[in-house]
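One structure is given below, encoded as structure tokens.
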Amino acid sequence: MIEKIEIKLNELEELIQNNPTFQELKNLQEKLLKNPVVLRNLEKLKQEENIYSKNYLELKKKLYEHGDYKRYQELENSFYYLSLEINQILGELTRKKECRK
């Protein structure tokens, strides 16, 4: 059973890595990491202690005005929820008791 799971996980990983949406996510990440304005705003955002402060909200708004950042966040959220679903399925598979002889 464990071997089957490992094989399927490898297949799943390959499918994800070759997925055009995942490739777009990776490309956007690289592009954003090269953008000094986005990086500066992200650093300022990390330094904010109060997520409800006016400054924090203004920084978030500035970031979301950047089309690449907005798209990156959308894709990242999609992959996050997909990974939660995959983890749930894996959890169910690994919790099943199997008789071994």
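Take the stretch 32-51 and flag every residue that is part of a helix (DSSP H, G or I), free of Cβ contacts under 8 Å to residues at least 24 places away in the same chain and touching a Phe, Trp or Tyr at 6+ places or on another chain (Cβ under 7 Å).
L45
Output yes when any residue across the stretch 76-91 is within 13 Å of L32 (Cβ to Cβ), in contact with a Ser or Thr (Cβ under 7 Å, 6 or more places away or on another chain) and surrounded by 10 or more Cβ atoms within 10 Å (Cβ to Cβ), and no when none is. Don't jump to the end; show me each part of the working.
Taking the stretch 76-91 and keeping what is within 13 Å of L32 (Cβ to Cβ), we get 76.
Pick out the ones that are also in contact with a Ser or Thr (Cβ under 7 Å, 6 or more places away or on another chain) and you get none.
The answer is no; no qualifying residue exists.
List pairs: first in the stretch 52-75 and touching a residue at least 40 places away in the same chain (Cβ under 8 Å), second acidic (D, E) and part of a helix (DSSP H, G or I), Cβ under 8 Å, 6+ apart or cross-chain?
Qualifying pairs under 8 Å: R71/E24; L75/E24.
Residues of the stretch 1-20 being assigned to a helix (DSSP H, G or I) and surrounded by 12 or more Cβ atoms within 10 Å (Cβ to Cβ), which ones?
Step one: list which residues in the stretch 1-20 are assigned to a helix (DSSP H, G or I), which gives 2-18, 20.
Across the stretch 1-20, the qualifying residues are I5, K8, L9, L12, I16.
K34 passes all but one of (1) more than 26 Å from P20 (Cβ to Cβ); (2) open to solvent by 90 Å² or more (accessible area, probe 1.4 Å); which number fails?
Exception for K34: condition (1).
The values are calculated or read from the model by the stated rules, or taken from the named source; none is laboratory data. These numbers were taken from a predicted model, which means no experiment stands behind them. In this analysis, Cβ positions are derived from the backbone assuming ideal geometry, glycine residues included, and neighbour counts consider all displayed protein chains. With ligands, DNA and RNA removed, areas are computed over all heavy atoms of the protein, side chains included. Shrake-Rupley method; radii C 1.70, N 1.55, O 1.52, S 1.80 Å.
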